[in-house]
Amino acid sequence: MLPGYCTLDHDGCVTCSDAGIPVRVVSMEGDDALCEDTAGNRARIAVELVVPVRVGEVLLTHGGVAIGKVAAQEEDFSEVRR
Amino acid sequence: MKYVDEFRDGELARAVAAGIASITDPDRHYKIMEVCGGHTHTIYRHGIKDLLPDQVELVHGPGCPVCVLPMGRVDEGIEIAERPEVIFTCFGDMMRVPGSRGNLLEIKAEGADIRMVYSPLDALRIARENPEREVVFYAIGFETTAPSTALTLQRAKKEGIENFSVFCNHVTIVPPVRALLDSPDLRLDAFIGPGHVSTVIGCRPYEFMSADYDKPCVVAGFEPLDLLQSILMLMRQLEDGRCEVENQYGRVVPWEGNLQALKSMAEVFELRPYFEWRGLGFIAQSALKLSPAYADFDAELRYSTPGVRVADPKACQCGEVLKGVLKPHECRVFGTACTPERPLGALMVSSEGACAAYYNFGRKSFEKVEIGSRK
């Protein structure tokens, strides 16, 4: 794990609106999903606000609730390099 | 790791910094505000400021909910927490925010049942496990955090949990930015928009910046390259004479936001007519309270909180720092009477607060500052 990046056990300031943590869905458990962060920490995350959710997807979570999905796209830095 | 490594590539960072330098007008001073405390943190942790030309000044915005919370709201939370029947729950950073009579940690040491939670859903679980007690959650945060409170209340209502209530201090990001743009103190050229707030609200709410104030805005991610690229995008807009809302953080932020989260918030919350912000005063329609459908869960109604106003300590200059008028180290008590260990102002409490970021990561910056310039 790289230092400084948000994980489930180190997210900076959760009250700050922008402490979002990317996690990968491991399995579904009703309205929740078991998710794993970049450090291997696992937690139950409420996923009602981002349904439908599939195992393997990367979600952005905040305060135990998924608020978005991280797109599975390659980032394009060609603009930066020009 | 994917989504991390590629945003910390030193070679790319140098290329972007060179790009910024190449279009910087040496005779112009650029003031760019990063609205979000998380961005402030990244800027100082990764030394981004040192990669930028001297002409480009980054100004810290009001995007830390703990920092903008007026002291009266802390005192009211403490009053609820002191009730013997109450289990008071809140996020960790909230525990150390000073009220006029101390902070929640000190009240806890005196015997109040105050518990730190990671999620409002944890507070709801505590309510389920303690049906004979009243469980209150101190809700705070911008639109990133508000959906988790909304979802928790929807679950509480669905399950018929009656011993749970929320002391709501959620705030919204657009009204304070508009207030800053209206402020005569500040001349800003462009804005770095908050990435994760925008995951929920999308990019459309920022269009007023370009439409009404001719200011470019780029919604940005939180890795070092995200921020550098966003600054480059803003500089290109300024160079071209464009004023647009652009989305640098497309891998996470949909232009329309998260409609499911917005729907959940619309059901649970409504806008307050006005709300007090530390340093910015009262701002119309800038905060959320529970809607009538959720009035049974409203701690303000359950405990008849009086709505007290408490002035900040006189030595504290959080207000000027929040507005970007002063840099954190220019505050007269920075690093002396006010430190992360013993904070006077909220900006030093929160790890995302501008003063804490300066204190923890900004040593190199201080070397450039004449100590005598402190006011």
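Looking across segment B:82-96, just one residue is out of contact with any strand residue (DSSP E or B) (no Cβ under 9 Å at 6 or more places or on another chain) and either over 18 Å from B:Asn169 (Cα atoms) or more than 12 Å from every other protein chain (Cβ to nearest Cβ) (or both), and that is B:Pro84.
Which of the residues spanning segment B:223-245 are in contact (Cβ under 8 Å) with a residue 40 or more places away in the chain and either among the basic types (Lys, Arg) or within 18 Å of B:Ala211 (Cβ to Cβ) (or both)?
Initially, segment B:223-245 is screened for residues in contact (Cβ under 8 Å) with a residue 40 or more places away in the chain, giving B:223-229, B:231-232, B:234-239, B:245.
Correct list: B:Leu234, B:Arg236, B:Gln237, B:Leu238, B:Val245.
Where residues in segment B:287-311 are among the hydroxyl-bearing types (Ser, Thr, Tyr) and modelled with pLDDT of 95 or more, which of them is surrounded by the most Cβ atoms within 10 Å (Cβ to Cβ)? Ranking the candidates gives B:Tyr294 first. Is it fair to say B:Phe269 is farther than 24 Å from B:His196 by Cα, in contact with a helix residue (DSSP H, G or I) (Cβ under 9 Å, 6 or more places away or on another chain) and modelled with pLDDT of 95 or more? Considered against the rule, which asks whether it is farther than 24 Å from B:His196 by Cα, in contact with a helix residue (DSSP H, G or I) (Cβ under 9 Å, 6 or more places away or on another chain) and modelled with pLDDT of 95 or more, B:Phe269 comes out as no. So for segment B:131-140 (the condition being surrounded by 19 or more Cβ atoms within 10 Å (Cβ to Cβ), at the interface with chain A (Cβ under 10 Å from one of its Cβ atoms), touching a residue at least 60 places away in the same chain (Cβ under 8 Å) and not hydrophobic (A, V, I, L, M, F, W, C)), does at least one residue qualify? Yes: one or more hits.
Listed here are the strands (runs of 3 or more DSSP E) enclosed by segment B:262-359 that have at least 2 residues being touching a Leu at 6+ places or on another chain (Cβ under 7 Å) and within 17 Å of B:Asn169 (Cα to Cα): B:269-271.
Residues in segment B:17-75 that are part of a strand (DSSP E or B) and within 14 Å of another protein chain (Cβ to nearest Cβ): B:Glu34, B:Val35, B:Cys36, B:His60, B:Gly61, B:Pro62, B:Gly63. Within segment B:171-254, which helices (runs of 4 or more DSSP H) (wholly inside it) include 3 or more residues that are more than 17 Å from the chain's Cα centre (by Cα)? Because the criterion is at least 3 residues that are more than 17 Å from the chain's Cα centre (by Cα), the helices (runs of 4 or more DSSP H) in segment B:171-254 that meet it are B:207-213, B:224-240. Hey, among the residues in segment B:115-130 that are surrounded by fewer than 24 Cβ atoms within 10 Å (Cβ to Cβ) and not in a helix (DSSP H, G or I), which one's nearest to the other protein chains (Cβ to nearest Cβ)? Among them, the one singled out is B:Tyr118.
A residue that is surrounded by fewer than 22 Cβ atoms within 10 Å (Cβ to Cβ) and under 27 Å from A:Lys69 (Cα atoms) can be found somewhere in segment B:237-246.
In the set (1) within 7 Å of another protein chain (Cβ to nearest Cβ); (2) assigned to a strand (DSSP E or B), A:Leu49 fails one condition alone, (2).
When segment B:310-329 is limited to residues that are within 21 Å of the chain's Cα centre (by Cα) and charged (D, E, K, R), the one that is farthest from B:Tyr358 (Cα to Cα) turns out to be B:Asp312.
Screening B:Val252 on (1) among the hydrophobic types (A, V, I, L, M, F, W, C); (2) away from every other protein chain (no Cβ under 14 Å); (3) out of contact with any Phe, Trp or Tyr (no Cβ under 8 Å at 6 or more places or on another chain) shows it passes everything except condition (2). If you scan segment B:194-227, which residues turn out to be under 17 Å from B:Ala146 (Cβ atoms) and surrounded by 24 or more Cβ atoms within 10 Å (Cβ to Cβ)? Hits for segment B:194-227 are B:Pro194, B:Gly195, B:His196, B:Val197, B:Ser198, B:Thr199, B:Val200, B:Ile201. For B:Thr40, the criteria (1) touching a Ser or Thr at 6+ places or on another chain (Cβ under 8 Å); (2) buried (at least 18 other Cβ atoms within 10 Å of the Cβ) hold in every case but one, which is (1). Residues of segment B:44-102 that are crowded, with 20+ Cβ neighbours inside 10 Å, within 18 Å of the chain's Cα centre (by Cα) and not hydrophobic (A, V, I, L, M, F, W, C): B:Tyr44, B:His60, B:Gly61, B:Pro62, B:Gly63, B:Pro65, B:Pro70, B:Arg73, B:Asp93, B:Pro98. Checking segment A:18-41 against the condition returns no match, with no residue being at pLDDT 90 or above and part of a loop (DSSP other than H, G, I, E, B).
The values are calculated or read from the model by the stated rules, or taken from the named source; none is laboratory data. Keep in mind the model is a prediction, meaning the values are calculated, not measured. Glycine gets a Cβ as well: all are built from the backbone with ideal geometry, and neighbour counts include every protein chain shown.
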